[in-house]
Amino acid sequence: MFDVAIIIPVYNNERSISRCLDSIINQKTKRSFEVILVSDPSNDKTPQIVEKYIKKYSFIRNIDVNTRSIALARTRGINESNSKYLMFIDADDYFKDDAIEIMVNTLEKNDADIAAASFYYVRGKRCKKNFFSKSKIYDRKGMLKALMQDSFMHGFMWNKIYKSELLKDKSLVLPKGNIIREDVLTNYQVFLNANKLAMTSKPIYYYDKTYESSTSKVDKTRVVWFITIFAIERYLLEKYEPSFMKMYHSLQSRRKLLVWGDRQIVKHGYEKEEYKALKKDAKHLLQIVNKKGKLEIDNLPWEKFIKDNF
């Protein structure tokens, strides 16, 4: 058994996959690790690059899938892993050379189930720090609150390390396809079964947004799905941790701010009247999510997802 398995969903990553893999190979750590690439069929030279690394390094292996879903690719990698701990990286990104050592040390030193770390945003030659101000320990309620606030915790899986038993062979509910905040939905379910999260202010990861296009086609389901995540979070709390509902309702203003921010991201893709209708719908859905009493489900955007999966 390895100390750590690092799981990488792969699809059309010929410009970045070598950098990603090299950042793992060059880790300064005494920990043993395996690298599991989960590859959807690519249209570029990614498969040939991956094959060269597999031939050279015995701890790197590839699993071919046909999911077109980051969440499902990660799940396949998780269930194929043989390790005490799990880490994740996107093929566009790369680790600092002490990432594994920092994460395992933070987890073990604090006897935690999960550890989270700071990271850098990269766009071209610009590199912006996204640091937690200080190291901190969270219990279950605290980590769930920090995740829902979506400020310093972030819902990403790639700035965290997990005990394998939290994820492996679990029936986690995941959205089909690639959709925003699939990490948040996964982490929320994992956090509901964790007891302690240790946060370190040390950075471990470079999140590279260089090739993201601000003019790409707008996903007009995005804002409603964003609010649907809030509804799913509430449904799961009502079901598994009802004593946390006061905490959930205390975050109403934060949810409004997050939805406002998400609307700004997609605004350029809407005509004026269409955007006014989106604002009205978003306000109405948020009012339902924030309303006291049991969550309303019937005839609402989250009805099918909740009834089909929970």
Exclusive hit being among the charged types (D, E, K, R), in contact with a Phe, Trp or Tyr (Cβ under 8 Å, 6 or more places away or on another chain), closer than 16 Å to ARG31 by Cα and touching a residue at least 40 places away in the same chain (Cβ under 8 Å), set LYS84, LYS141
LYS84
Result of the Cβ filter at 6 Å on segment 253-282, keeping first residues that are in contact (Cβ under 8 Å) with a residue 12 or more places away in the chain and closer than 14 Å to ILE227 by Cα and partners that are surrounded by 12 or more Cβ atoms within 10 Å (Cβ to Cβ) and among the polar types (S, T, N, Q), at least 6 apart or interchain, is ARG254/GLN149
Of all helices (runs of 4 or more DSSP H) completely enclosed by segment 221-272, which ones contain at least 3 residues that are surrounded by 18 or more Cβ atoms within 10 Å (Cβ to Cβ)?
222-240, 252-266
Go through (1) within 27 Å of VAL184 (Cα to Cα); (2) over 18 Å from the mean Cα position of the chain (by Cα); (3) not charged (D, E, K, R) and name the single condition LEU86 misses.
(2)
Answer yes if at least one residue in segment 7-30 is more than 24 Å from the chain's Cα centre (by Cα) and surrounded by 15 or more Cβ atoms within 10 Å (Cβ to Cβ), and no otherwise.
yes
Pick from segment 288-299 the residues that are surrounded by 11 or more Cβ atoms within 10 Å (Cβ to Cβ) and under 21 Å from ARG254 (Cβ atoms): which of them is nearest to the chain's Cα centre (by Cα)?
VAL289
Considering only helices (runs of 4 or more DSSP H) wholly within segment 29-121, the ones with at least 1 residues that are hydroxyl-bearing (Ser, Thr, Tyr) and under 23 Å from LEU174 (Cα atoms) are 70-80
Scanning for something buried (at least 20 other Cβ atoms within 10 Å of the Cβ) and modelled with pLDDT of 95 or more, does segment 169-178 turn up at least one residue?
no
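The values are calculated or read from the model by the stated rules, or taken from the named source; none is laboratory data. Bear in mind that the values here come from a model prediction, so they are computed numbers and not experimental data. Using ideal geometry, Cβ is built from the backbone for each residue, glycine included, and neighbour counts are taken over all protein chains shown.
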